[in-house]
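Any read-out appearing in this document is the output of simple, stated calculations on the displayed coordinates, not a laboratory observation. These numbers come from a predicted model, not from an experiment. Every residue, glycine as well, gets a Cβ built from its backbone with ideal geometry; the counts of neighbours run over all protein chains shown.
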Amino acid sequence: MSGAAPRSTTASGAVPASRRGSRMFPDGTGPSPDPAGSHFERRIRSFQPRRSRVTTGQADALRRLWPLWGLDIDGRRVLDLDEMFGGLPVVLEIGFGMGEATARMAAADPSTGILAVDVHTPGQGNLLGLAERDGLTNVRVANGDAIILLREMLPPAALAGVRVYFPDPWPKKRHHKRRLIQPEFLSLVATRMKPGAVLHCATDWEPYAEQMLEVLTAHPGFVNTVPDGGYAPRPDFRPLTRFEGQGLEKGHVVHDLLFARA
Ligand SMILES: C[S@@+](CC[C@H](N)C(=O)[O-])C[C@H]1O[C@@H](n2cnc3c(N)ncnc32)[C@H](O)[C@@H]1O
């Protein structure tokens with residue numbers, strides 16, 4: 001992604017505090033609606049800001065648990081993942097939606113930390129609530145644009161894996177530029193992955209699956225874990241996700257792609 005400079009910045013290049021959104025709760029807690037002041041960065045985004053209702057349960061989870069397990073993507077500091085996850089290997093999940101699959105994977109593998117990122121506030125509350133309900137200690141919820149997280153807040157070779165499950169397909173041709181899985185994104189994500197770490201993508205949108213396979217196969221930073229190339233069998237560890245279920249109901253075929261960092 002081209003990291004164009006913010007339109008209005010301080011001398012250090014940061015967006016002034018007054019332009020960053022206020023937080024969710026009046027006492028200044030909870031996720032920020034615009035943690036990086038990202039209105040001021042000219043870049044095509046892979047998500048559409050959504051105004052969706054937060055339920056009472058989700059708001060309660062956000063209020064109580066955000067200070068413990070939440071993280072605003074403000075682009076202003078580099079994270080210490082060892083400190084955040086007590087030394088566990090850390091996998092980044094981009095676009096966790098409502099977080100049900102994330103919580104299930106975290107429960108199934110407590111020896112891996114999951115840094116789960118999305119812009120969707122109800123989903124953030126939902127995932128925090130699931131983490132508490134299931135006693136999960138290996139999930140952290142990041143609020144904001146995964147590109148800024150990768151570019152500004154993660155050090156090189158920090159990640160033991162990256163998961164992108166059912167990214168927005170942006171089916172209209174004029175929107176294809178919004179798709180996340182593109183050569184520029186792959187070049188960025190590759191720098192943040194450890195050698196051998198796996199980027200796992202899944203989609204039910206056939207033309208996007210084809211695009212993913214093409215750009216991943218062509219990218220020098222990745223090697224297909226499937227020896228003869230092509231799509232991978234669905235790994236047992238990936239639970240059915242909410243979007244996947246909706247796709248399957250429409251008769252869509254799901255493809256998994258597992259590529260290792262070269
Ligand atoms: C189609 S949904 C899939 C959600 C979930 N993985 C599932 O399968 O049910 C894609 C999600 O990715 C999120 N998303 C898209 N681009 C993102 C970005 N750059 N940073 C963070 N989240 C993003 C959207 O907000 C949305 O919740």
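Going from the fewest other Cβ atoms within 10 Å to the most, the residues 145, 74 appear in the order 74, 145. Straight-distance candidates among the lysines for linking to residue 250, with alpha-carbon spacing under 20 Å and chain neighbours fewer than 8 residues away dropped: 172. Taking only the Cα atoms of the chain, the radius of gyration and Dmax are 17.7, 56 Å.
Between residue 174 and residue 250, the modelled label-to-label distance comes to 2.0 nm, taking each label 7 Å out from Cα in the direction of the beta carbon.
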